[in-house]
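Here is the structure we will look at, set down as structure tokens.
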Amino acid sequence: MAERSAPAGKAALRIDDLQVYYGESHALQGVSLTLESGVLSVVGRNGMGKTTLCNTITGLKRARSGSIRVNGREVSALEPHEIHRLGVGYVPQGRRVWPSLTVDEHLRLAAGSRRDSAWTVERVYQTFPRLAERRGNGGSQLSGGEQQMLAISRALLSDPKLLVMDEPTEGLAPVIVDQVEKMLVELGREGEMAILVIEQNIGVATAVSDRVAIMVNGRVNRVMDAKALAADRELQQRLLGVGRHAEEEPVTPAAAAQAASQLADVYRIERAGVQPAAVPVQGAGGVYRPVTDLPNRWNVPVTAMRQAAVDKTQPAEDFRQVFAIPFAERIGRTVLVAGTFDTKGRELRFVAKRLKALKIPVRTVDLSTSGKPSSADVPAGQVAAMHRGGPSAVMSGDRGGSVAAMAEAFARWIEREPGIGGVISAGGSGGTTLATAGMRALPVGVPKIMVSTVAAGDVGKYVGGADIMMFHSVADVQGLNSITEAVLSNAAHAMAGMVAQLPTGEQWEARRKLARPAVGITMFGVTTPAVQAVTRRLESDYDCLVFHATGIGGRAMENLGDSRLLSGFIDLTTTEVADMIVGGVFPATEDRFGAAIRTGLPYVGSVGALDMVNFGPRDTVPERFRSRKFVIHNPNVTLMRTTRDENRAFGAWIGERLNRMNGPVRFLLPEGGVSLLDAPGQAFFDPEADEALFEAIERTVRVSPTRQVMRVKANINDPVFVDAAVAAFEGIMPKMQRRA
């Protein structure tokens, strides 16, 4: 066993009270751990949280609360690339090498241009001679042991001060396991880095380190001497359920029969419309156990297993999460000139030429769907390949379908592009549809200009919640003449000016760290007192961004949330849902609440102004609503009181969206009314309609420790409700984001 002494100074890794969740599942429950130096092994059964611990240390999973310090610096709020730059290397479970890259290409890519690194490609080849022999082979041509050597080498080339290794000997032949074990012991002796090893192999775990941490059900059960654990077979079985495989006792027929009897009779038939009765299941010795307490290897209640089955039916993770690029890395200086180069190539190249004359780097992107050859830097086929259905789904020959498919492909393509200084395009209605789809996918703050023939009309469907500047082309974007040249030149010069003043990624990041965390708050005229009071209470600690809940306001807030420019939501005014379901003029989209679902940001919501649907002037209200109760808000806005049935529909829809949120959620129901008009003596006061809304939400929402629905005995604009909203928000915001 490797004996090492820890030098004085800051601990290489110190974890305190780490709390990590996957949805409602509490994966890490107050984990505390210290690695001063040398090697520390962490062991435990499958599903105990070991890989989650690795992912949280390296920033791939965000902790709900707690502290992670690397060499004295707090890293729990940093992005993975920032943690990596601080000297944290990661060897993930499963190796994850690129099949198409050779060994040498892997290593040269990982080494980068660093010249003063302790670990070089040559040193790697000396440490792993087998990799030197296989340097020309691709990742898919390597054995499991060779892939593991490559994964370890890739991490070492970052010259880490802390190396995190998840199951480094998994699936390896015994002779390769011995080699990895010897390498870990040698690295520990050299003292260049501290190493955290997650390992199932007890022999390896106790051989490479002096201390071993044992994880049980998301907690560190104990940290003990490695020699003591290696010698105590009974303790290994009791805490880990595993030992060295050669020493394990065979399963007897009696034990197998007993296990089979415990797993029998677990099926239940439920007939439609019939509430199932509690059916007892007989266990050993004639003792009856309730069906909700079935035995399973993880000791998980059936209710939790049922919830897991429900969660599996949810849509796959949104691509914006999977391929999210940190905001600081997305900002650059290169302007994308995008459009249909088969029909607008001359005009688009004119814009690109103007930008280049001003020393602005340019990259042209073809969005045409004709399949014609293009001289653009990024051909249409490359963009089309990003569609879920591949290029054939875009180049289908159906103009309408092709435009919609290319718009989706462009949004997916641009979502993955770093270093963008801005996007500019020119075209008619089709070209505007294509280009603005990609613009909307970019964060707020990245310049976006659309020169369009439709810019003088209703551009809401093109702009959405983004900060797109619509330039009216005046004349059609067809050929170069005195008008189009002037308009296109002005658009190019405007883009150049915006890019010239655009902060660098480093400046954005510096501003972000100094700024107050931003919170998005929704407001309507009839919830203004509540929002103003909440803002006054929070503005010393938070940058309170208020959005008018007119449909576009909610989408703007969602866009900022998706861009990670918000730290949380106080969504008090959800009236846009009423307009969406009933047919008002300020509707939400089906993606309302989507940013909170995708990002997991803290969310406090309420039912503000769901007592009304919005229409234009009184004479524009549809005939089917003529007998309803109305309030003339102003000559251009007519408010209609919602009914009990409509409120039930609102509540069910909102409840289902809340169920899909994995972050902390607090949803408040003001029993005294949902707006200024829904109060005693006011025109829309209707406690029965409100109660139908509240009951539908409570009946639909799956309440959990992280998702709660709370009633407040007050009107939404009363101080009591404001107190409850502020307390709920402060209660779920991570400590790391609060300001003194």
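The values are calculated or read from the model by the stated rules, or taken from the named source; none is laboratory data. It should be emphasised that the depicted structure is a prediction, and the values quoted were computed from it without experimental measurement. Note that each Cβ is placed from the backbone with ideal geometry, even for glycine, and that neighbours are counted across all protein chains shown.
Within the stretch 409-429, take every residue that is in contact with a helix residue (DSSP H, G or I) (Cβ under 7 Å, 6 or more places away or on another chain) and not in a strand (DSSP E or B) and give me the one that is surrounded by the fewest Cβ atoms within 10 Å (Cβ to Cβ). My answer is Pro418. Sub-7 Å Cβ pairs linking a first residue in the stretch 77-96 that is assigned to a helix (DSSP H, G or I) to a second residue that is modelled with pLDDT of 85 or more and buried (at least 17 other Cβ atoms within 10 Å of the Cβ), at least 6 apart or interchain, are Pro80/Thr58; Pro80/Gly59; Ile83/Thr58; Ile83/Gly59; Ile83/Val75, ordered by first then second residue.
Select the strands (runs of 3 or more DSSP E) contained entirely in the stretch 611-705, then report the ones holding at least 1 residues which are surrounded by fewer than 18 Cβ atoms within 10 Å (Cβ to Cβ), touching a residue at least 24 places away in the same chain (Cβ under 8 Å) and out of contact with any Cys (no Cβ under 9 Å at 6 or more places or on another chain).
On the way: elements: 612-615, 630-634, 637-641, 665-670.
Where strands (runs of 3 or more DSSP E) fall fully within the stretch 611-705 and carry at least 1 residues being surrounded by fewer than 18 Cβ atoms within 10 Å (Cβ to Cβ), touching a residue at least 24 places away in the same chain (Cβ under 8 Å) and out of contact with any Cys (no Cβ under 9 Å at 6 or more places or on another chain), they are 630-634.
Quickly run through the stretch 538-549 and pick out the residues that are surrounded by fewer than 18 Cβ atoms within 10 Å (Cβ to Cβ) and either of a type in the set (Lys, Arg) or touching a residue at least 24 places away in the same chain (Cβ under 8 Å) (or both).
Of the residues in the stretch 538-549, the ones surrounded by fewer than 18 Cβ atoms within 10 Å (Cβ to Cβ) are 539-541, 543, 545, 548.
Answer for the stretch 538-549, where residues must be surrounded by fewer than 18 Cβ atoms within 10 Å (Cβ to Cβ) and either of a type in the set (Lys, Arg) or touching a residue at least 24 places away in the same chain (Cβ under 8 Å) (or both): Ser540, Asp541, Asp543, Leu545, His548.
For the stretch 502-528, the set of residues classified as more than 30 Å from Asn614 (Cβ to Cβ) and touching a residue at least 60 places away in the same chain (Cβ under 8 Å) consists of Leu502, Pro503, Thr504, Gly505, Glu506, Trp508, Glu509, Arg512, Arg516, Pro517, listed by residue number.
Please work out if Val474 is assigned to a loop (DSSP other than H, G, I, E, B) and at negative phi. Judged against the criteria, Val474 is not a match.
As a summary of the residue check, Ala492 satisfies the conditions (1) part of a strand (DSSP E or B); (2) surrounded by 23 or more Cβ atoms within 10 Å (Cβ to Cβ); (3) in the same structural domain as Ile360 (by TED's automatic domain parsing) except for the one numbered (1). Among the residues of the stretch 63-73, those that are buried (at least 16 other Cβ atoms within 10 Å of the Cβ) and part of a loop (DSSP other than H, G, I, E, B) comprise Ala63, Arg64, Asn71. Candidates Leu545, Leu572: the one that is closer than 11 Å to Val519 by Cα, in contact with a strand residue (DSSP E or B) (Cβ under 8 Å, 6 or more places away or on another chain) and assigned by TED's automatic domain parsing to the domain that holds Leu658 is Leu545.
Picking from Thr599, Thr589, Thr575, which residue would you name as being under 17 Å from Gly655 (Cα atoms) and either of a type in the set (Lys, Arg) or surrounded by 23 or more Cβ atoms within 10 Å (Cβ to Cβ) (or both)?
Going through Thr599, Thr589, Thr575 in turn, the sole match is Thr575.
With the condition kept exactly as written, say whether any residue in the stretch 151-159 is of a type in the set (Ser, Thr, Tyr) and surrounded by fewer than 21 Cβ atoms within 10 Å (Cβ to Cβ). Please lay out each step first, then the result.
So in the stretch 151-159, the residues of a type in the set (Ser, Thr, Tyr) come out as 153, 158.
From what's left, surrounded by fewer than 21 Cβ atoms within 10 Å (Cβ to Cβ): 158.
Checking the stretch 151-159: at least one residue is of a type in the set (Ser, Thr, Tyr) and surrounded by fewer than 21 Cβ atoms within 10 Å (Cβ to Cβ).
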